[in-house]
Amino acid sequence: MSLSSSTPHPNSSGSAKVVLGHGSGGKLSQDLLETVFFPYFKNSILDENHDGAILRFGNQKLAFSTDSFVVNPLFFHGGNIGDLAINGTINDLSMCGALPQYLAASFILEEGFPLHDLKKIVQSMHSAAQAANVLLVTGDTKVVEKGKGDGVFINTTGIGTVGNSITISPKNAAPGDVVLINGNIGDHGIAIMSEREGLEFETTIESDTAPLNDLIQNILEVSPNVHVLRDPTRGGLASTLNEIAAVAQYGILLEEKQLPIQPAVMAACEILGLDPLHIANEGKCLVFVPENEGDVVLQKMRQHPLGKESAVIGKVIREHPGKVLLRTAIESLRMLDMPEGEQLPRIC
Amino acid sequence: MGEHANLEKYKNAEYVAHLSKAIKAVSASLGTVKLMHVCGTHEHEIARHGIRQFLPPTIQIIPGPGCPVCICPVESIDQAITLAYQPNTTVLTFGDMVRVPASHESLEDARRNGGSVKMVYSALDAVNLARENPNSTFVFFSIGFETTVVGIAGMIKTGIPKNLYVLLANRYMPPVLKLLMDVHDESIQGFLLAGHAATITGLHAYDFMEDEFQLPCVATGFEPVDILLGIFECLKLIKNKEPRIVNAYPRAVNEHGNTVALQLIEDVFERKPGIWRGIDIVDDSAFRIKEEYSFLDAEKQLDCTPPYPPRSHPPGCDCHRIMLGELLPTNCKMFTKTCTPSNPYGPCMVSPEGTCHTWFKHGSGKISLTHTAAHTI
Amino acid sequence: MEIVYKTKNQVGHLEFHGYNGAMDLEHCTHFLQTYEEAAETPETRIIVLWGGVDFFSNGIDLNPIHLRYNPVILAYKNLKALNKIVKRVLETKNKLVIAALRGSAAAGGVMLALAADLRYGRKGIVLNPSYVNMGLSGSEYWSILLPSMIGYGHTQKLIYEANPISCRKAVELGMLHDQLDMEQNRFCQQVREKAEYFARFNIEARLAAKEVLNKRLLYSMEDQVKLELQRMKDCCNHAEFQQARTQFVEKGTEPPQLFPGIALEKDR
């Protein structure tokens, strides 16, 4: 996604075409899945609508997930495309309740890309994999002509083992569940956006990319009853929560006052006219647990280095099934929709 | 940021509840009251914060023509598009303006079709771009109300690179209030004036509302407490039959406005009749670059006449009636069906300040929860 | 456009000529001013609305409306201004108002005539009270005036079928009270004589009767008019108005009429 070349809208030309918004993680992405992919690939595992697939081999459950990374700029405050690619797949596996074990990586390189930069990226991937205790065991590299790529595209695929008692799925969200998050929202999206657009804010906002496997294992230790885990990446909290609400067919009520947001991110959003709930995150996860386990999970999360700012931010309700509501700081309610297309800064 | 923290008290739930009570009390004997605001940011904040949930059902806050992108005439966008196709010429403009459909295409379409269009965040960005690329021609396509025009006046006054021109489509709000009174059959009982515009113009630009229509107007800020305060003040004036122009945003607005800014505007611009997209030609409402500065006026110096006649009303589009507050987005058959932010049919769905876009995103701001679900976690 | 007001023998004579009988916004404003002054002159007891020679009045002026950037707003302003005139005429308390139709009338022009207390038509003129051919539902208090004067059923026919009617037919229905001489001068003379007679004999009794009668007419008028304006606004925004207006202004034609012969039978 890019701010300076905004989304072409689907009917501006006669026949429908792929538009940038199809990749934004919002409503258009959902439409694309439902109209193009799901009709062909429909099966019981895919239908789980999870970040990864849960596979059964006899008594052993495995989680299996893949993700491609296209990001501009490749290097930004707090990380680069390499960290993102490793952490992204680790996190997708973690969101299935899995312990990530092995990764595969594919690179599409553009002719002319500096080797020096590629080395930096690979170095970051190495450290990220090491930190998360996973092994990169297979891979592939292709080179495309200059102008046909954007420096580097990376795909990573991973597998992890899943404990037998663990059943985590957006379907499991139930009324009374509390919704937790492990820290400040919007950091990654704003870091990328300010880097790309050369916007300067008083404080440097760093991407929050990080591997969540360890944090998730800690949570699962104290609460084997975790209902849902999800990382609110593209499309932000609003998208992810809407997806969960739609699958579970319950409502989700968020409390604006409880949302952890850095003042600098809030300020950037106000200047740009963006909603922090629509901004992408990395290294963040949403945790749905039954109400009575909320406290112990929150305590555990706060003890972890990646969960110091953890907070309970909402709950699952019976009313407004399939919708996400936000109770604002002034005690009013509003519907929180999936962002449509890309987030454009507004003028004023 | 520092200012952010200071604004917290204007988002305070207790103050909001207090004002909500006061509004109920003051409006108890008034019957149905129709107030109009004339600022896209007001509608955005009203919907986003669910401000209508704090008002009794008899108090209607109608969104008026306050979205600068929406009211920008097709004719001007056509000119910008024509310029974007000129060799070695780049049109620079603000965010969502690029997506607004004009006679045949939007600036974004023009870019896809080989025109040169770039988004900028401020007039200063335009100056910098022109400086860095002295061999190219740049046109800053300027839109917006009183607030935005000050920056452009400042930029012109301090001198801009020779390769930068200005295509000016800025509009001046006060004269439109008369038109609104007419269109609404004098049923509007008060106006909430855009606080930031009033910081520039001051309150006296609206004196005619008091003299001609005996109608109260209240300069209103943008945080929830500001907005409710503006509504409360307006209702109080209606109740007391005091049709005055009142300042409910004193931390930013002073009665006489920003005299330096006003002088700057007067030095560089004059006002002429101007088109408000789909609405009408409104006397005295269009800023024009004065003769003295015509050397940088894109309309005079560059060829910006499109090779086709303007087509202002896409068939069936009711955006202009929504801007006038005659219709609400929910009255439009296309709203959320064939017209969405990712696939907008009219300008009100394009701009985040457009009423349709706002309502699409946040609804009109009326939702309820039963008591059991409503208790705070 | 020309508005002339003269008084003679306690009768005020108001002539208003618009090109093709059209009353644009400015014309309406000027008319209202003149009428106000006439209504406030104590010595006159009767006001005669003469309209123009060729046309009494054809209501709002579609030409400038059609040329306007957004025709809807000007159309709406124009019809509201004409509404004000009709209202003012209807609410004239201390004078008897006579409409003298030297020429034909249409739409709002017909309603302006209907707002008067007595209405005389020159033989040979044609009335076209419906707005429908112009893609409009109608304003100027038509929905109160027409059914009050000619009954609900006749109103339905006139409005929905949208055919013009002859002077004689209008008298039959009660829209006009008399068909006078076909020759202009004699027509005017006849109207003047009537007006002067009314002014001279028992004018107080006539005005008292008017007050009683009009009380019913004006009852709940405002709600009805609000609805008229709402629907009129919708129509103004509808493509039918635009098409009919384009046809009328650019080609000078109205849609083909259904059975014109029946409605416009020859005057006897």
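Values quoted throughout were computed directly from the atomic coordinates according to the rules given, and no laboratory measurement underlies them. These numbers were taken from a predicted model, which means no experiment stands behind them. Cβ: placed from backbone, ideal geometry, glycine included. Neighbour counts: every protein chain shown.
Would you mind working out the magnitude of the charge dipole of the protein assembly as shown relative to its Cα centre, with +1 at each Lys and Arg C-beta and -1 at each Asp and Glu C-beta, to the nearest 20 Debye?
2680 debye
What is the sum of charges around A:Asn72, taking Lys and Arg as +1, Asp and Glu as -1, for the other residues whose C-beta is under 12 Å from the C-beta of A:Asn72?
Once positives and negatives cancel, what remains is -2.
Return the subset of C:Lys80/C:Lys233; C:Lys93/C:Lys215; B:Lys333/C:Lys77 for which the Cα-Cα distance in this structure is over 18 Å, preserving the input order.
Values: C:Lys80/C:Lys233 10 Å; C:Lys93/C:Lys215 11 Å; B:Lys333/C:Lys77 26 Å.
Exceeds cut-off: B:Lys333/C:Lys77.
Kindly provide the helix-only [θ] at 222 nm of chain B, computed as the sum of -39,500 (n - 2.57) over DSSP H runs of four or more divided by all residues, to the nearest 500 deg cm²/dmol?
When only DSSP H runs of four or more count, the value is -10500 deg cm²/dmol.
Cα centroids of segment C:83-122 and segment A:33-85: how far apart, whole angstrom?
78 Å
Could you tell me the distance between the Cα centroids of segment A:209-242 and segment C:162-196, to the nearest Å?
If we compute the Cα centre of each part, the gap is 88 Å.
With unit charges on the beta carbon (Lys/Arg positive, Asp/Glu negative), name the residue among A:Gly283, A:Ala268, A:Ile190 whose Cα is farthest towards the positive pole of the charge dipole of segment A:170-335.
Positive-most Cα among the choices belongs to A:Gly283.
Test of understanding: express the Cα radius of gyration of segment A:170-335 as a ratio to 2.2 N^0.38 Å, with N the residue count.
Expressed relative to 2.2 N^0.38 Å, the Cα Rg reads 1.00.
Charges only on Cβ, +1 for Lys and Arg, -1 for Asp and Glu: so what's the dipole of chain B about the Cα centre, in debye to the nearest 20? All intermediate terms of the calculation are to be shown ahead of the outcome.
Working: 33 positive and 40 negative charges, 224 e Å.
The calculated dipole for chain B is roughly 1080 debye.
Residues of C:205-217, mean number of Cβ from any other protein chain within 10 Å of their own Cβ, rounded to a whole number?
Across C:205-217, the average partner-chain Cβ count within 10 Å equals 0.
At what distance in nm do the modelled label points of B:Ser294 and A:Asn164 sit from each other, each positioned 7 Å from its Cα along Cα→Cβ?
Modelled inter-label distance: 8.9 nm.
Averaging sequence separations of C-alpha pairs under 8 Å and six or more residues apart, then dividing by the length of chain C, give the relative contact order as a whole percent.
Result for chain C is 19 percent.
List, in order, the whole-Hz ³J(HN,Hα) value for each residue of segment A:133-138 obtained from phi through the Karplus relation with A = 6.51, B = -1.76, C = 1.60 and θ = phi - 60°; use x for Gly and Pro.
6, 10, 10, 8, 10, 7
Express the relative contact order of segment A:170-335 as a whole percentage, based on alpha carbon pairs under 8 Å and six or more residues apart in sequence.
43 percent
Using the Karplus curve 6.51 cos²θ - 1.76 cosθ + 1.60 with θ = phi - 60°, work out ³J(HN,Hα) for each residue of segment B:275-286 in order, rounded to whole Hz, and write x for Gly and Pro.
Going residue by residue, I get 7, 10, 2, x, 8, 4, 8, 10, 4, 6, 10, 10 Hz, with x marking Gly and Pro.
In chain C, which whole DSSP H runs stretch at least 20 Å along their own axis (Cα) and average -1.0 or higher on the Kyte-Doolittle scale?
Once both thresholds are applied, what remains is C:25-39, C:71-90, C:203-218, C:221-236.
Does chain A come out rounded, prolate or oblate, given a ≥ b ≥ c as the square roots of the eigenvalues of its C-alpha gyration tensor, rounded meaning a/c under 1.5 and, failing that, prolate meaning a/b above b/c?
rounded
Where does chain A land at 222 nm, in deg cm²/dmol rounded to the nearest 500, when only DSSP H runs of n ≥ 4 count, each adding -39500 (n - 2.57), divided by all residues?
Result for chain A, helices only: -8500 deg cm²/dmol.
Of the listed peptides B:191-204, A:255-268, C:224-237, what is their order by residue-averaged count of other C-beta atoms within 10 Å, with the highest listed first?
Per-residue mean Cβ counts within 10 Å order the peptides as B:191-204, A:255-268, C:224-237.
Give me A:Ser239, A:Ser106 ranked fewest to most by other Cβ atoms within 10 Å of their Cβ, as a rough exposure proxy.
Listing A:Ser239, A:Ser106 from fewest to most nearby Cβ atoms yields A:Ser106, A:Ser239.
Compute a Gaussian network model of chain A, connecting alpha carbons closer than 10 Å, and tell me which residue from A:Asn43, A:Asn133, A:Asn292 fluctuates the most.
A:Asn43
Amide H neighbours of B:Val91 under 5 Å, at least 5 residues apart or on other chains, H built in the peptide plane: list them.
For B:Val91, whose amide H was placed from the backbone, the distant partners under 5 Å are B:Ser116, B:Val117, B:Lys118, B:Val139.
Considering the dipole of chain A built from charges on the beta carbon (Lys and Arg +1, Asp and Glu -1) around the Cα centre, which of A:Gly79, A:Phe41, A:Ser223 is farthest to its positive end?
A:Phe41
Please order A:Phe113, C:Phe187 by the number of other Cβ within 10 Å, starting at the fewest.
A:Phe113, C:Phe187
As an exercise, use a Förster radius of 56 Å and the Cβ-Cβ distance of C:Leu218 and A:Arg318 to find the FRET efficiency, rounded to the nearest 0.05.
0.50
State the extension gain, in nm to one decimal, for the chain segment bounded by B:Gln263 and B:Asn88, taking 0.36 nm per residue of separation less the distance between their alpha-carbons.
59.5 nm
Assuming R0 = 56 Å, can you tell me the calculated FRET efficiency for the pair A:Leu115 and A:Gln249, based on Cβ-Cβ distance, to the nearest 0.05? Intermediate values should be presented prior to the final figure.
Working: r = 51 Å, r/R0 = 0.92.
Given R0 = 56 Å and the Cβ-Cβ separation, E is 0.65.
Residues with amide H under 5 Å of C:Ser104's amide H, sequence separation 5 or more or different chain, H placed in the peptide plane at 1.01 Å from N; which?
Residues meeting the amide H criterion: C:Phe56, C:Val126.
Hey, fewest Cβ within 10 Å first, where do C:Thr34, B:Thr355, B:Thr340 land in order?
C:Thr34, B:Thr340, B:Thr355
If R₀ is 45 angstrom, what is the calculated FRET efficiency for the pair C:Arg88 and A:Leu33, using the beta carbon separation as r and rounding to 0.05?
Here the calculated transfer efficiency is 0.10.
How large is ³J(HN,Hα) for each residue in segment C:153-164, as worked out from phi by the Karplus curve 6.51 cos²θ - 1.76 cosθ + 1.60 (θ = phi - 60°), to whole Hz, x for Gly and Pro?
Ordered by residue, 3J(HN,Hα) equals x, 5, 4, 3, 4, 4, 6, 6, 6, 6, 9, x Hz.
Based on DSSP H runs of at least 4 residues, each adding -39500 (n - 2.57), what is the mean residue ellipticity at 222 nm of chain C after dividing by all its residues, to the nearest 500 deg cm²/dmol?
-14500 deg cm²/dmol
When the dipole is taken about the Cα centre of segment A:52-162, and only Lys, Arg (+1) and Asp, Glu (-1) are charged at their Cβ, what size is it in debye, to the nearest 20?
Rounded to the nearest 20 debye, it is 280 debye.
Can you tally the net charge around C:Trp50? Count Lys and Arg as +1, Asp and Glu as -1, for every other residue whose Cβ sits under 9 Å from the Cβ of C:Trp50.
That sum, taken over residues with Cβ under 9 Å, equals 0.
So for chain C, taking the charge dipole from beta-carbon charges (+1 Lys/Arg, -1 Asp/Glu), which of C:Val110, C:Leu173, C:Met232 sits furthest toward the positive end?
C:Leu173
Where a Cα-Cα gap under 16 Å defines reach, which lysines qualify for A:Lys300, not counting those fewer than 8 residues away within the same chain?
A:Lys284, A:Lys308
Search the structure for amide H atoms under 5 Å from the amide H of A:Leu286, placed 1.01 Å from N in the peptide plane, and list their residues when 5 or more places away or on another chain.
Under 5 Å from the amide H of A:Leu286: A:Arg230, A:Asp231.
Normalised by the number of residues in chain A, what is the relative contact order in percent for Cα pairs under 8 Å and 6+ residues apart?
22 percent
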